[in-house]
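Data block below; observations after.
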Amino acid sequence: MVRETVFSADGNDDEDDLGEAIDIRQEFDVDAREIDERLRPQSLDDVIGQSQVVERVRVMLYATRKRNDTLGHILFDGPPGIGKTTLATVIPKELGVDLQIAAGPALDAPKDLLPYLTNAGHGSVLFIDEIHRLRPAVEEFLYPAMEDFRIDIALGEGLNARTINMQLKPFTIIGATTRAGMLTAPMRDRFVYREHLDFYEPDDLIEIVRRNAVKLKTKVTDQAAAEVARRSQGTPRKANNILLRTRDFATLKDPNGEITTEIAAHAMKMLEIDSLGLERQDRRYLKIIMDVFQGGPAGLRAIAHSLSIPADTLEDDIEPFLLRTGLIQRTPRGRIVTQRGYEHLGVTPGPGLRSQF
Ligand SMILES: Nc1ncnc2c1ncn2[C@@H]1O[C@H](COP(=O)(O)OP(=O)(O)OP(=O)(O)O)[C@@H](O)[C@H]1O
Ligand SMILES: [Mg+2]
């Protein structure tokens with residue numbers, strides 16, 4: 001059984017001063033989720049790359065089965081679209097146990113967790129997405145559940161107040177977060193296993209593109225698969241999106257619908273994805289720092305205001321790849337566009353800026 005709470009894609013709660021902001025994830029989300037589900041690996045063998053993490057997961061699963069035990073709680077962290085939900089959904093399948101899915105921001109109060117906890121069967125998995133966004137009261141309610149499979153329910157008020165304890169069946173929480181740093185220490189410490197998922201190697205992305213092309217019954221040449229992979233910012237979800245969009249261009253241009261290098265190159269141009277895989281919003285981000293903040297340092301909130309994009313979205317979706325490719329730097333005083341960032345956009349920094357490189 002999969003019990004799912006569909007949560008608001010609005011990563012905007014704490015951005016009260018950004019009422020007008022458009023969250024780019026929103027327009028993306030409906031499509032992206034549907035694609036995710038269609039192309040999501042169904043077993044650990046289908047999971048490509050992240051070989052060390054996958055290997056460690058195999059060991060966890062083996063040991064759990066061998067001891068006829070309940071799997072320890074697992075935390076996956078890493079940028080969006082990198083495989084956290086994928087691993088979290090594959091694990092219960094491998095163990096042959098039930099999965100329930102909840103989302104941190106949708107759990108307003110401890111009572112919202114109750115149905116999940118009381119429904120959790122022996123050895124089953126409760127996946128909590130965006131676990132860094134759990135409210136403190138909900139988080140505290142979860143502690144004894146994670147530690148002793150017990151919950152304390154407060155009944156009544158004032159003099160009549162009392163707490164009853166309820167025993168739960170042993171179960172596993174799998175948490176996912178794009179911000180491991182925002183997790184409180186007590187929460188983090190309750191996870192037996194903590195795994196970080198990083199950007200993918202080009203060869204792994206090529207393999208993901210190839211396999212997904214087969215799933216989509218689309219032919220793609222080796223070179224074109226490499227091109228799609230190269231432009232997908234080390235992220236499987238982006239590779240999937242580009243593959244799907246490129247497939248549309250192939251259908252339009254080629255009677256066989258095969259994705260060739262030429263079609264891939266044309267698609268990238270139309271989709272405004274550049275040689276490094278940057279999309280329009282990534283370039284806008286760089287340009288704003290260059291033009292409005294003279295290359296930086298610029299504070300995250302100031303950049304967010306200038307772009308009308310929530311700061312959360314910038315931190316989660318845009319900055320990780322720019323940091324990783326060295327196009328920007330984070331300093332205590334704010335974000336700076338590096339020389340490489342300027343070069344990539346073909347802009348010469350103003351005279352005052354050259355000294356900072
Ligand atoms: N290791 C992998 N092998 C093959 N495909 C993958 C892998 N990781 C991710 N994908 C593909 O990318 C899609 C997005 O991955 P997933 O939903 O697991 O990302 P996520 O880390 O949970 O992202 P978010 O933080 O946005 O929730 C999956 O549906 C799947 O098609
Ligand atoms: Mg996810």
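Each value in this text was obtained by applying a stated rule to the coordinates, not by laboratory testing. Note that the structure is a prediction, hence the values are computed from the model and not measured. Heads up, the Cβs are rebuilt from the backbone with ideal geometry, glycines too, and the neighbour counts pull from every protein chain shown.
Tabulated results
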{"item": "Computed FRET value (nearest 0.05) for TYR62 with PHE149, which takes r as the C-beta separation and R₀ as 25 Å", "result": "0.65"}
{"item": "Placed amide H near ASP98: partners under 5 Å, 5+ positions off or other chain", "result": "VAL125"}
{"item": "Per-residue HN-Hα couplings for segment 320-328 [Karplus 6.51, -1.76, 1.60; θ = phi - 60°; Hz; x = Gly/Pro]", "result": "x, 6, 5, 5, 4, 8, x, 8, 10"}
{"item": "Label-to-label distance, nm, for residues given as LYS93 and THR118 (7 Å Cα→Cβ offset)", "result": "3.1 nm"}
{"item": "Rounded to whole Hz, the Karplus (6.51, -1.76, 1.60) HN-Hα couplings of segment 303-312, x for glycine and proline", "result": "5, 4, 5, 4, 8, 6, 10, x, 4, 4"}
{"item": "Two-site FRET efficiency, LYS219 against LYS287, from Cβ-Cβ distance with R₀ of 35 Å, rounded to 0.05", "result": "0.40"}
{"item": "Per-residue [θ]222 nm for the chain (sum of -39500 (n - 2.57) over DSSP H runs n ≥ 4, rounded to 500)", "result": "-14000 deg cm²/dmol"}
{"item": "Positive minus negative residues near THR177 (Lys, Arg vs Asp, Glu; Cβ under 13 Å)", "result": "-3"}
{"item": "Alpha-carbon Rg with Dmax, taken over the chain, Å", "result": "22.6, 78"}
{"item": "Backbone HN-Hα couplings from phi across segment 239-246 [Karplus 6.51/-1.76/1.60, Hz, Gly and Pro as x]", "result": "4, 4, 4, 5, 4, 5, 5, 5"}
{"item": "Pairs from LYS215/LYS287; LYS66/LYS219; LYS93/LYS238; LYS66/LYS238 whose Cα-Cα separation, in the structure shown, is over 30 Å", "result": "LYS215/LYS287; LYS66/LYS219; LYS66/LYS238"}
{"item": "Sites SER51 and THR163 - FRET efficiency at Förster radius 41 Å, r taken between beta-carbons, to 0.05", "result": "0.30"}
{"item": "Inter-label distance, nm, simple model (7 Å from Cα along the C-beta direction), GLN294/GLU201", "result": "4.5 nm"}
{"item": "Placed amide H near VAL220: partners under 5 Å, 5+ positions off or other chain", "result": "ILE259"}
{"item": "5 angstrom amide H check on GLY175, placed H, neighbours 5+ away", "result": "ILE74, LEU75, PHE76, ILE128"}
{"item": "Ranking of PHE199, PHE141, PHE127 by count of other Cβ atoms within 10 Å, fewest first", "result": "PHE199, PHE141, PHE127"}
